[in-house]
Every structure is written in structure tokens, then in C-alpha cells.
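Please read the structure below before turning to the comments.
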Amino acid sequence: MSRKVAPVRRTPAALRVLRSPPRVLWIGARDPLPLPIDDGPVAAIDLVAWVCGDVLLDMTVAPAKGGPDALIESLGRALASKRAAAPTAVRVASADMVPALQRALGRSVVIEVAPTPEVGPVVAAFVAADDERGGADDPFELLALDETHRSEIARFCTAAAAVYRLAPWETLATDDDVMMFDAPALGLNRACITVTGQLRETFGVLWIASAQDYRRYRAGLAQRDVGEGEGMPPVALGLVTFEPLDDAPPALRKEILRRKWSLAGPAALPYPVRLDTEGQHVPFRIEDVRLATVIFEALAGFLAQHGEGVRSMLPASGWYPVASARGEVAIVVAYPHPDQTGPDDDDIDDDPDDDDPTCRMFAVAWRSEFTLRQPKELAAARKAVAFAFLGRPAKATELDVVAPLQGSMVPVWASLWRPMRDGRAGLELAAENPDFAMGPLASGRDRCAQARFLFGEAVRLDLARGTVTIRDLHDGVCYEILGPPPEQLRIYTRGMRFFGVIIPIGDRRWTFPSVLMGSSEFARIDLATLVSRTREALAGLRLPVDAIDPLAPGPGLLRYAGIAYAVLLRIAEEGRPAPLPPR
């Protein structure tokens with residue numbers, strides 16, 4: 001039997017040579033820095049720098065009599081910045097540097113000893129450009145990174161442009177409205193993301209690794225504002241601001257335009273910044289560009305889907321796939337951040353201007369006590385709320401990011417009014433606890449026992465008094481409610497519908513221990529629909545449907561306020577149009 005033999009295709013001998021990797025030469029120099037001479041003594045210092053071609057990789061100063069450490073440390077920063085491909089060869093002027101360079105780079109990198117005249121002109125060009133722009137920063141790092149990572153810089157600019165067009169500073173009321181981004185595979189572990197530009201000053205997006213670091217950052221800014229500190233807080237962060245292209249010097253502007261990056265407009269040049277744990281500027285590396293890119297891509301998807309709801313301060317969450325070196329990864333985005341990002345509760349309770357500190361003091365203190373003593377009840381409440389929102393049992397990975405579980409509404413409801421397995425509510429447990437039997441805590445407990453469920457529409461807004469008057473859609477009773485922050489009052493309108501649990505504070509005024517939520521998205525939701533859908537959710541949870549009487553729904557909706565809250569958000573989300581892809 002004959003057998004067919006496939007012909008062997010041989011590469012021509014001229015092509016069967018091992019191609020050497022391209023030569024990448026870095027040049028390091030340490031030269032005396034000319035200083036102006038005055039009458040006093042002047043310490044001699046050297047300028048230390050590394051360049052690759054016409055790219056300045058790192059520059060610093062060091063005492064003139066120092067050893068090789070300054071040039072080696074500068075080399076380490078240059079390698080970490082990844083502004084150029086890793087060197088295959090380096091050149092320095094002094095043979096004394098060779099042993100230290102061999103230890104730092106290994107034997108695979110060729111070390112040459114020869115004059116380094118190329119360094120001076122590169123440094124001079126950088127200094128001249130800095131003088132031309134008056135010392136202001138420029139996107140130098142993006143230009144340098146673009147030389148070796150062109151497609152990734154282009155993707156970053158495209159993602160940044162998509163976010164700029166969606167104008168998140170018009171969606172989030174303040175720069176202290178924090179979103180959570182979670183994707184451990186990408187290095188995002190419940191990271192805090194916020195935006196700047198609400199005052200029409202500097203538009204930007206900022207990210208910090210954790211809620212704890214974010215609180216430290218805000219505390220540091222507060223201390224600086226009252227003169228107790230200076231500089232940036234010692235917290236590592238990333239930031240991209242959007243700057244006018246016309247502010248760049250002509251040569252730099254020409255170089256940016258030559259690259260044809262995707263920009264949202266002439267005022268939307270993305271400028272990246274990275275601070276270390278000491279609050280000091282450090283190079284924005286290609287790894288930081290990659291992280292910023294996926295943050296922007298997920299943020300654009302989140303804003304396109306939930307922007308209208310977030311503008312009304314409704315909680316929202318979603319999963320947004322992004323491409324990465326690990327393949328497609330989903331980033332979880334949740335608003336507001338489920339961890340505490342504001343001041344400690346004790347700081348809030350001591351506020352002398354609080355509308356009724358006893359209510360909030362009790363609600364916060366009892367919520368903490370209830371969480372410690374009744375963790376299973378709190379877990380059951382969270383699962384029930386997630387079910388009411390999703391229409392099915394939640395997966396373990398969803399419980400932290402389901403929209404109605406963001407914020408304080410569910411834990412406050414679970415600890416005060418929700419029926420537990422034995423039929424009692426948390427308020428009854430508080431009444432039996434001697435620690436809550438006297439003083440302001442007892443007064444706050446008694447007021448929380450007079451709470452009412454409210455679903456109504458605004459009939460009067462009073463910015464001077466800081467109140468909104470809401471007419472209950474069931475019985476027509478009007479409630480003047482004190483406590484919404486100014487940024488919320490400014491987005492409220494007459495006729496807007498509201499959801500909340502309210503508590504009397506005297507003088508015919510009321511407040512709320514958790515959230516008072518108003519949104520234009522509630523306009524098409526009537527009370528009968530909310531009652532009917534909440535009863536359906538109770539049936540799905542095998543809870544007593546008759547607990548909510550359609551003819552007198554208030555008491556039952558109070559007992560199951562967390563379920564009603566989830567149902568309301570679900571109805572609002574069902575009515576949103578499918579999001580358009582970001583431009």
C-alpha cells in the first residue's frame with residue numbers, strides 16, 4: 001500500500017537566521033548643575049538623568065560628592081515608569097558605575113563606557129517646554145508611553161472620551177458621591193471611584209483602592225482646608241483630569257494632534273496623575289493606563305445604563321465586561337459604595353445642627369447592636385430584599401451589589417420594623433434592652449416607634465428652611481420633612497414622587513432615619529401598583545400577603561418597607577429604555 005508523504009516546506013537559508021532583538025540604548029548621566037552665584041555658600045549638586053532617544057525617562061538632583069546610588073535609584077524609577085522599552089544596552093561616562101549597573105541590570109544588558117552628550121539636549125528641551133508653559137504639567141507621560149504602547153494609549157483615550165461625553169459630573173451631585181468598582185482579577189477590590197467637576201472647574205475621575213483609604217483621603221483634605229495640613233493627603237490614588245488642548249504649548253499640541261488620539265473635544269485632553277502612599281507624584285505607568293482604561297470603559301457602561309437613576313440618587317449596580325490580558329473580565333459597579341466612605345457614625349451623631357439627633361443617634365446605635373446580636377435576621381432581610389429586586393434568589397456574588405442593598409435603608413428597616421422569625425420587630429428588642437431604656441436613646445426609640453411609611457408627591461419646596469412638603473398618595477395628608485441635604489433639594493421638583501419612612505420631630509415636622517428618595521422615574525408608578533407588586537414579592541418569599549391591606553396599606557408597607565423599596569427600584573428599572581452604546 002502506498003502512502004502519501006506531505007512535502008516538507010523548507011525556509012530559504014537566507015531567512016533561517018536568528019534575528020537579534022532590536023537595540024534599545026539608555027543613556028545615563030550625572031553632571032554638575034549650574035547654579036546662580038550669590039553672596040552665600042552654595043552646595044554643589046549634580047543633575048542625574050536617564051534618556052532613551054529624545055525621551056527623558058527620569059530626572060533628579062543629588063549631592064555632588066555622592067556615590068553611584070543616585071544614578072542607580074534614578075534607573076530604577078525609569079525602569080518602573082516603562083516610558084520606553086527595557087534597555088538592551090546602557091551607556092554611562094564613568095567606569096565606576098559599571099559594577100553597580102551590572103548588579104541592577106544583570107549580565108544580559110550591555111554596559112558601555114563613553115561620553116554621554118545626548119543627555120544634555122533632552123533635559124534642556126524638557127526644561128524649555130516647562131518654562132514655556134509656566135511650569136504647568138502636560139501629558140508627557142502619555143506621549144512617552146505612546147512610543148511603545150500605541151494601541152493601548154489609543155484605547156485609553158477612546159474610553160476617556162466616552163466618559164467625558166456622558167458628563168458624570170452632571171450625574172453625581174458632589175465629588176463625595178462614591179461608586180464601587182470590583183474586579184479582583186484586574187486589581188480592583190471594592191475600589192472607590194468618584195468624579196470632580198460639579199462646580200464646573202476641573203473635570204476628572206479619581207480612584208482609590210479601598211473605602212478605608214478613601215475616608216483617610218477625605219479626612220486629609222478636610223484638615224488641609226482648615227489649615228491643619230498642606231499638600232495632598234498621604235493616600236495612593238489615580239486621577240485623570242480633562243484639560244483644554246489649547247493650554248498646551250504649540251509644539252506639544254502639534255505632537256498630540258499628530259497622534260490623532262480620540263478626544264471628546266478641544267477641552268477634553270485626558271491628563272493622568274498618580275500619587276504614592278506619601279501623596280507624592282510618581283510616574284503613570286502603562287499598568288496604570290490599563291487600569292484607567294477598564295475603569296473608564298465600565299464607568300461609561302454604567303452611566304449609559306443607570307445615569308438617569310443615579311442623577312436622582314437612586315442606588316444602582318451592574319456588571320460590565322472589559323477586555324484584559326486575562327481575557328474578558330466583568331467589572332461590578334455599584335452606587336453608592338456599599339462600604340462606609342463618609343465620616344464615622346459617631347461624628348454624624350454629634351452634629352449640633354442635626355434636625356433631631358436623638359432619632360439618628362438611636363437608629364445608628366441600635367443598628368450596630370442589632371447587627372451584632374441578630375446577624376441571621378439581618379442576613380435573611382438582605383436575601384429577601386435581593387429576591388424582591390431580582391425576582392429570584394440572589395447568588396452569593398450578587399448580594400453585595402444588588403441596588404437596594406446599597407446604603408442604609410435595608411439595615412435600618414431590618415433592625416427596627418421588619419418582622420423576625422418569632423414575630424417580633426427590632427424595636428421590641430430595643431425596648432427590652434436596658435442600654436436603650438433611658439435618655440436620648442430611649443427618646444429616639446420612642447420616636448422611631450411612631451414612624452410612618454410614605455409614598456407621595458412634593459407639593460412645596462423650601463430651600464431656606466431646608467424642607468420638602470410631601471402629600472401622601474393614600475390619604476392626602478401633607479408632611480413637612482426636614483433633613484434633605486441642599487444638593488438633593490436642588491434636584492427636587494414639585495410633583496416629584498417620593499419614597500421613605502418618616503419620623504415625627506415636633507412642630508408638625510418630620511425627618512427620616514435612613515433615606516428619603518425622590519425621582520422623576522417614580523412619576524409613572526402609582527401606589528396601587530407598588531402595593532400589588534409588593535404583595536406579589538411577599539408571596540414569592542412565602543410571607544403573609546395579607547400583612548399589607550390594599551385599603552389601608554401604610555402599616556403593612558412600614559413592616560415590609562425593605563421589600564417595598566426593592567420592588568419600587570425594580571419597577572423603575574423596568575421602565576428605563578435600553579441604554580445606547582457610548583459614543
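The values are calculated or read from the model by the stated rules, or taken from the named source; none is laboratory data. Small disclaimer: the values here were computed from a predicted structure and weren't measured. Cβ atoms come from the backbone with ideal geometry, glycine included; neighbour counts cover every protein chain shown.
Observations on the structure shown:
One line per residue, one yes/no per condition, for (1) of a type outside the set (D, E); (2) under 23 Å from R418 (Cβ atoms); (3) in contact with a helix residue (DSSP H, G or I) (Cβ under 6 Å, 6 or more places away or on another chain):
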| site | (1), (2), (3) |
| --- | --- |
| R445 | yes, yes, yes |
| L463 | yes, no, yes |
| L482 | yes, no, no |
| P485 | yes, no, no |
| G518 | yes, no, no |
| L543 | yes, yes, no |
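- With respect to the stated conditions, L378 is outside any strand (DSSP E or B), under 28 Å from A316 (Cβ atoms) and not assigned by TED's automatic domain parsing to the domain that holds N189.
- Test: R326 is under 18 Å from A144 (Cα atoms) and surrounded by fewer than 21 Cβ atoms within 10 Å (Cβ to Cβ): no
- So G495, is it free of Cβ contacts under 8 Å to residues at least 60 places away in the same chain and either more than 27 Å from V364 (Cα to Cα) or in contact with a Leu (Cβ under 6 Å, 6 or more places away or on another chain) (or both): yes
- Single residue of segment 438-448 satisfying the filter (aliphatic (A, V, I, L, M) and either in a helix (DSSP H, G or I) or closer than 19 Å to A564 by Cβ (or both)) that is nearest to the chain's Cα centre (by Cα): L441
- Residue tally, condition outside any loop (DSSP other than H, G, I, E, B) and either among the small types (G, A, S) or closer than 30 Å to N433 by Cα (or both), over segment 449-465: 5
- Any chance I295 is in the same structural domain as S210 (by TED's automatic domain parsing), surrounded by 22 or more Cβ atoms within 10 Å (Cβ to Cβ) and under 19 Å from F203 (Cα atoms): yes
- Scanning segment 94-120 for residues that are of a type in the set (A, V, I, L, M) and either within 16 Å of S74 (Cα to Cα) or assigned to a loop (DSSP other than H, G, I, E, B) (or both) returns M97, V98, A100, L101, A104, L105, V109, A114, V119.
- Strands (runs of 3 or more DSSP E) fully within segment 185-283 counting 2 or more residues that are in the same structural domain as E297 (by TED's automatic domain parsing) and either touching a Lys or Arg at 6+ places or on another chain (Cβ under 8 Å) or surrounded by fewer than 16 Cβ atoms within 10 Å (Cβ to Cβ) (or both): 237-243
- Among residues that are in contact with a Phe, Trp or Tyr (Cβ under 9 Å, 6 or more places away or on another chain), basic (K, R), outside any strand (DSSP E or B) and assigned by TED's automatic domain parsing to the domain that holds D177, R290 is included.
- Residue ID - nearest to F370 (Cα to Cα), chosen from residues in segment 393-437 that are assigned to a helix (DSSP H, G or I) and of a type in the set (G, A, S): S415
- Among residues that are closer than 25 Å to S415 by Cα and aliphatic (A, V, I, L, M), A528 is not included.
- Exclusive hit being modelled with pLDDT of 95 or more and not aromatic (F, W, Y), set D446, D462, D472: D472
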